[in-house]
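Peer 1: There's a structure below that I have some questions on.
The values are calculated or read from the model by the stated rules, or taken from the named source; none is laboratory data. Computed from a prediction, not measured in an experiment: that's the story for all the values here. Cβ sites come from the backbone with ideal geometry, for glycine too, and all protein chains shown count toward neighbours.
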Amino acid sequence: MGDVLVFAEHLGGHFPKTTLTAVNAGTELAKRRGGSAIAVVMGDAPDAVAAEIAKYGAAKVIALKHPALKNYLADAHAAALAALVKKTGAEFVLTTATAEGKDLMPRLAARLDAPMASEITAINDDGTYVRPMYAGNAMATIELEGPVKVITVRGTAFDAAKPAPSASPVENLDAEIDSATLKQEFVSFNQTKSDRPQLTEARIVVSGGRGLKSGENFKVVLEPLVDEMGAAMGASRAAVDAGFVPNDLQVGQTGKVVAPELYVAVGISGAIQHLAGMKDSKIIAAINKDEEAPIFSVADYGLVADLFKAVPEMVEELKKVKAH
Amino acid sequence: MKILVPIKRVPDPATTIRVLPDGSGIATDNVKWVINPFDEIAIEEALRIKEKQSGGEIVLATVGQTTWQEQLRTGLAMGADRAILVKNDGYLDSLGIAKVLARVISDEKPELVLLGKQAIDDDSNQTGQMLAELLGWPQATFASKVEIAESKVTVIREVDGGLETIAFKLPAIITTDLRLNEPRYASLPGIMKARKKELKEIPLDSLGLALSPKLKIKKLTAPPKRQAGKKVGSVAELVSVLHTEAKVI
Ligand SMILES: Cc1cc2nc3c(=O)[nH]c(=O)nc-3n(C[C@H](O)[C@H](O)[C@H](O)COP(=O)(O)OP(=O)(O)OC[C@H]3O[C@@H](n4cnc5c(N)ncnc54)[C@H](O)[C@@H]3O)c2cc1C
């Protein structure tokens, strides 16, 4: 009882920071519930990634191997993970609410006939959890019943696991999958190319909205600021819908949730759906020509100005600060 | 092709949500109720598939109270053919809803089920994936493009760091993301026609399902409110406060 299986997402031999967040949250949960955290790395050749994850303090790492686990696909991964839950008798399965985590965990929960809590932000001592609803306008205290519970955590609500003094033991297992039941086929992954930090990992995020008016302006006006600050670039839904920037830059209720040390909103009005994805940032700065824009109600520092003038100026000012 | 689209009734996304002082829920006076925006995208996609194939049937389904008929009628006015309301006044968690929908689907036998990736009230993002598992069907969540050729479906999905393409045979579950399409409005003739379309009510009890929610909501609280800070007078001042006061650059 109390053991937590942590699904460790990885791609191309690497794992995102959100995987370390899951390891830490899983360790935290196991501690509260009197069990241990076991990280599960799945793949057709999971050994190398498993050895990497083993550096981050999980009680154990299981490397679950099967040819059908080569690429991430919900049906194969849910089948293998459910079988492992039964085999280990784990009480919890946890991961971070990334696109992959969101895709996999509900399917797993249904397979285990278990309840699932999405994107929790806190683990309470009394056995309850906290999660946002209504675009973060309500925080729900929830209870999960039954022998197995499935949980995703919000990446911004937990710290990432740190390297531990000694490596966790790694157990190698062959995944139990009935290949005849698999129906999904991986075709391709078209990765957005960028040399900038990941949106969900960056210390500074600079986001642009409809106020930028075009994809070209994102390039010539906003990107110099993004790069001068060494930031990740984000966007509002309006900017993504208009095709100014790729989909995976959307910050908000139905996009990515970020909480960097500094969030700079440029030409973004601050709709509730956008705020849901960034209002836990440590410092928020906003540039908008409309002094009534709702973004100013959450901004620590607001500048009422035309962005086309202010942003290039800001790049110059930053250079001056750097020179000092 | 027969397509089933499960939909949910939610507060209009433009509504200001307030938690009741006793934490039992949200204030619903002055709330305008609408079809969950992602489900509207699902209805639109179903309509486009039907138009392209020039044939087929679109069935809407929901699990809720009598008032939810309104949203089903709106979907019928957009162009869906008929609707099913599984009447339930009690609380069900996502898995419960998925079990009810799985039952409706096994009676209706659609080849494709299209639904929203998340409902904007509880923001759980679970039902479609649960449904896929309960039915033993393939799933494509967060779809931004759907292509159907014969009985093979290719879906482009919005995932972290890019776009993923997966494929499978029908029957299947697809959940919609924002970029899939822009839903049409119901036309006046559409609204007139919708009044005569079939809307069947099924009492939940009559399905004989054993459903006991294992996720329970104990209470709701309002989130801590972030205070507005100050306005700065110039770009130079902004950079200066970020550097010396906030110390983030
Ligand atoms: C189901 C659903 C889900 C959604 N999910 C999300 C989500 O996840 N993320 C999200 O962001 N939105 C989301 N939205 C959309 C959200 O409601 C808003 O429509 C969107 O955030 C608006 O984007 P914006 O601020 O860029 O555009 P607008 O609201 O049009 O604001 C543009 C701003 O730019 C300013 N501006 C214009 N020109 C200049 C200039 N020259 N200089 C300075 N300022 C200028 C204007 O004053 C204005 O404030 C969702 C909506 C729905 C219905």
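Peer 1: Within the range B:106-157, can you find the residues that are among the basic types (K, R), in contact with a Ser or Thr (Cβ under 9 Å, 6 or more places away or on another chain) and surrounded by fewer than 21 Cβ atoms within 10 Å (Cβ to Cβ)? Reasoning before the result, please.
Peer 2: So in the range B:106-157, the residues among the basic types (K, R) come out as B:109, B:117, B:145, B:152, B:157.
If we keep only those that are in contact with a Ser or Thr (Cβ under 9 Å, 6 or more places away or on another chain) as well, we get B:117, B:145, B:157.
Selection gives B:K145 alone.
Peer 1: Would you mind telling me which numbered condition in (1) touching a helix residue (DSSP H, G or I) at 6+ places or on another chain (Cβ under 9 Å); (2) at pLDDT 95 or above A:N71 fails?
Peer 2: (1)
Peer 1: Additional query: How many residues are away from the ligand (no atom under 11 Å from the Cβ) and within 11 Å of chain B (Cβ to nearest Cβ) when one looks only at the range A:226-246?
Peer 2: 6
Peer 1: Report every pair of residues separated by at least 6 positions or lying on different chains whose Cβ atoms are under 6 Å apart, first residue within the range B:1-14 and farther than 28 Å from B:E150 by Cβ, second within 14 Å of the ligand (Cβ to nearest atom) and assigned to a loop (DSSP other than H, G, I, E, B).
Peer 2: Within 6 Å, the pairs are B:K8/B:N36; B:K8/B:A119; B:V10/B:N36; B:V10/B:A119; B:V10/B:I120; B:V10/B:D121; B:D12/B:K32; B:P13/B:I120.
Peer 1: Identify all residues within the range A:277-294 that are more than 7 Å from the ligand (Cβ to nearest atom) and assigned to a loop (DSSP other than H, G, I, E, B); write none if there are none. Give the steps one after another, and end with the answer.
Peer 2: As a first pass, look at the range A:277-294 and keep what is more than 7 Å from the ligand (Cβ to nearest atom): A:278-286, A:291-292, A:294.
Of everything in the range A:277-294, those that are more than 7 Å from the ligand (Cβ to nearest atom) and assigned to a loop (DSSP other than H, G, I, E, B) turn out to be A:M278, A:K279, A:D280, A:S281, A:K282, A:E291, A:E292.
Peer 1: Filter the range A:247-265 down to the residues that are within 21 Å of A:V153 (Cβ to Cβ) and more than 13 Å from the ligand (Cβ to nearest atom), then identify the one that is farthest from the other protein chains (Cβ to nearest Cβ).
Peer 2: A:A259
Peer 1: Mind checking which residues of the range B:91-111 are without any contact (Cβ under 8 Å) to a residue 60 or more places away in the chain, farther than 15 Å from A:R107 by Cα and not hydroxyl-bearing (S, T, Y)?
Peer 2: B:D107
Peer 1: Please determine, by comparing only the residues of the range A:300-314 that are at the interface with chain B (Cβ under 7 Å from one of its Cβ atoms) and assigned to a helix (DSSP H, G or I), which one is surrounded by the most Cβ atoms within 10 Å (Cβ to Cβ).
Peer 2: Here the residue is A:M314.
Peer 1: Residues A:S179, A:S188: which one is within 24 Å of the chain's Cα centre (by Cα), within 28 Å of A:A39 (Cα to Cα) and surrounded by fewer than 14 Cβ atoms within 10 Å (Cβ to Cβ)?
Peer 2: Exactly one residue qualifies, and that residue is A:S188.
Peer 1: Cβ-Cβ under 9 Å, sequence separation 6+ or interchain: first residue in the range B:185-197 and closer than 16 Å to B:E44 by Cα, partner surrounded by fewer than 16 Cβ atoms within 10 Å (Cβ to Cβ). Which pairs?
Peer 2: Matching pairs, first to second residue: B:G190/B:R184.
Peer 1: Any residue that is farther than 23 Å from A:R131 by Cα, more than 10 Å from chain B (Cβ to nearest Cβ) and of a type in the set (A, V, I, L, M) - is there at least one of those in the range A:270-287?
Peer 2: no
Peer 1: So in the range A:266-275, with the set limited to residues that are buried (at least 23 other Cβ atoms within 10 Å of the Cβ) and closer than 19 Å to A:A97 by Cβ, which one is farthest from the ligand (Cβ to nearest atom)?
Peer 2: Of everything passing the filter in the range A:266-275, A:L275 is farthest from the ligand (Cβ to nearest atom).
Peer 1: Still on this structure, I have one more. Going by the conditions given, is A:S297 within 25 Å of A:M133 (Cα to Cα), more than 9 Å from the ligand (Cβ to nearest atom) and surrounded by fewer than 19 Cβ atoms within 10 Å (Cβ to Cβ)? Write out each step before concluding.
Peer 2: Working: within 25 Å of A:M133 (Cα to Cα): yes; more than 9 Å from the ligand (Cβ to nearest atom): yes; surrounded by fewer than 19 Cβ atoms within 10 Å (Cβ to Cβ): yes.
Yes.
Peer 1: Among the residues of the range B:50-82 satisfying the criterion of being in contact with a strand residue (DSSP E or B) (Cβ under 9 Å, 6 or more places away or on another chain) and polar (S, T, N, Q), which is surrounded by the most Cβ atoms within 10 Å (Cβ to Cβ)?
Peer 2: B:T62
Peer 1: Is at least one residue of the range A:174-181 away from the ligand (no atom under 14 Å from the Cβ), over 27 Å from A:R154 (Cα atoms), small (G, A, S) and within 12 Å of chain B (Cβ to nearest Cβ)?
Peer 2: Checked against the condition, which is being away from the ligand (no atom under 14 Å from the Cβ), over 27 Å from A:R154 (Cα atoms), small (G, A, S) and within 12 Å of chain B (Cβ to nearest Cβ), the range A:174-181 yields at least one hit.
Peer 1: What is the number of the single condition among (1) touching a strand residue (DSSP E or B) at 6+ places or on another chain (Cβ under 8 Å); (2) among the aliphatic types (A, V, I, L, M); (3) under 28 Å from A:T98 (Cβ atoms) that B:L134 does not meet?
Peer 2: Among (1) touching a strand residue (DSSP E or B) at 6+ places or on another chain (Cβ under 8 Å); (2) among the aliphatic types (A, V, I, L, M); (3) under 28 Å from A:T98 (Cβ atoms), B:L134 violates only (1).
Let's see how each residue does on (1) of a type in the set (A, V, I, L, M, F, W, C); (2) buried (at least 17 other Cβ atoms within 10 Å of the Cβ); (3) within 18 Å of the chain's Cα centre (by Cα):
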site: A:I142; (1), (2), (3): yes, yes, no
site: A:E171; (1), (2), (3): no, no, no
site: A:Q184; (1), (2), (3): no, yes, no
site: A:T192; (1), (2), (3): no, no, yes
site: A:D195; (1), (2), (3): no, no, no
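Peer 1: Out of B:T62, B:T74, report the one residue that is in contact (Cβ under 8 Å) with a residue 40 or more places away in the chain and closer than 16 Å to B:I105 by Cα.
Peer 2: Residue meeting the stated conditions: B:T62.
Peer 1: Could you say whether any residue in the range B:47-66 is part of a helix (DSSP H, G or I), in contact with a Ser or Thr (Cβ under 7 Å, 6 or more places away or on another chain) and hydroxyl-bearing (S, T, Y)?
Peer 2: In the first step, residues of the range B:47-66 are kept if they are part of a helix (DSSP H, G or I); the result is B:47-53, B:66.
Then keep just the ones that are in contact with a Ser or Thr (Cβ under 7 Å, 6 or more places away or on another chain); that gives none.
Scanning the range B:47-66, I find no residue that is part of a helix (DSSP H, G or I), in contact with a Ser or Thr (Cβ under 7 Å, 6 or more places away or on another chain) and hydroxyl-bearing (S, T, Y), so the answer is no.
The rows are residues; the columns are (1) free of Cβ contacts under 8 Å to residues at least 40 places away in the same chain; (2) surrounded by 24 or more Cβ atoms within 10 Å (Cβ to Cβ).
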{"position": "A:M1", "(1), (2)": "no, no"}
{"position": "A:A25", "(1), (2)": "no, yes"}
{"position": "A:R32", "(1), (2)": "no, no"}
{"position": "A:A45", "(1), (2)": "yes, no"}
{"position": "A:P67", "(1), (2)": "yes, no"}
{"position": "A:N71", "(1), (2)": "no, no"}
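Peer 1: Also: Take residues that are under 29 Å from B:T15 (Cα atoms) and tell me which of the strands (runs of 3 or more DSSP E) falling wholly in the range A:116-178 contain 3 or more. I'd like the intermediate steps shown before the answer.
Peer 2: Working: elements: A:116-120, A:129-133, A:138-144, A:149-153, A:170-174.
Correct list: A:116-120, A:129-133, A:138-144, A:149-153.
Peer 1: Right, next: Given the criteria surrounded by fewer than 24 Cβ atoms within 10 Å (Cβ to Cβ), at pLDDT 95 or above and part of a loop (DSSP other than H, G, I, E, B), does B:L85 qualify?
Peer 2: When the stated conditions are applied, B:L85 does not pass them.
Peer 1: Hey, another quick one. Just one of B:K247, B:K225 is assigned to a loop (DSSP other than H, G, I, E, B), on the phi > 0 side of the Ramachandran plot and exposed (fewer than 15 other Cβ atoms within 10 Å of the Cβ); which is it? Step through it out loud before you land on a result.
Peer 2: Details: B:K225 fails: on the phi > 0 side of the Ramachandran plot.
On inspection, the qualifying residue turns out to be B:K247.
Peer 1: Return the only residue of A:D103, A:D75 being in contact (Cβ under 8 Å) with a residue 40 or more places away in the chain, at the interface with another protein chain (Cβ under 8 Å from one of its Cβ atoms) and either buried (at least 22 other Cβ atoms within 10 Å of the Cβ) or not in a loop (DSSP other than H, G, I, E, B) (or both).
Peer 2: A:D75
Peer 1: Further, regarding this structure: Based on this model, can you work out whether A:L307 counts as more than 7 Å from the ligand (Cβ to nearest atom), touching a residue at least 24 places away in the same chain (Cβ under 8 Å) and at negative phi?
Peer 2: The answer is no for A:L307.
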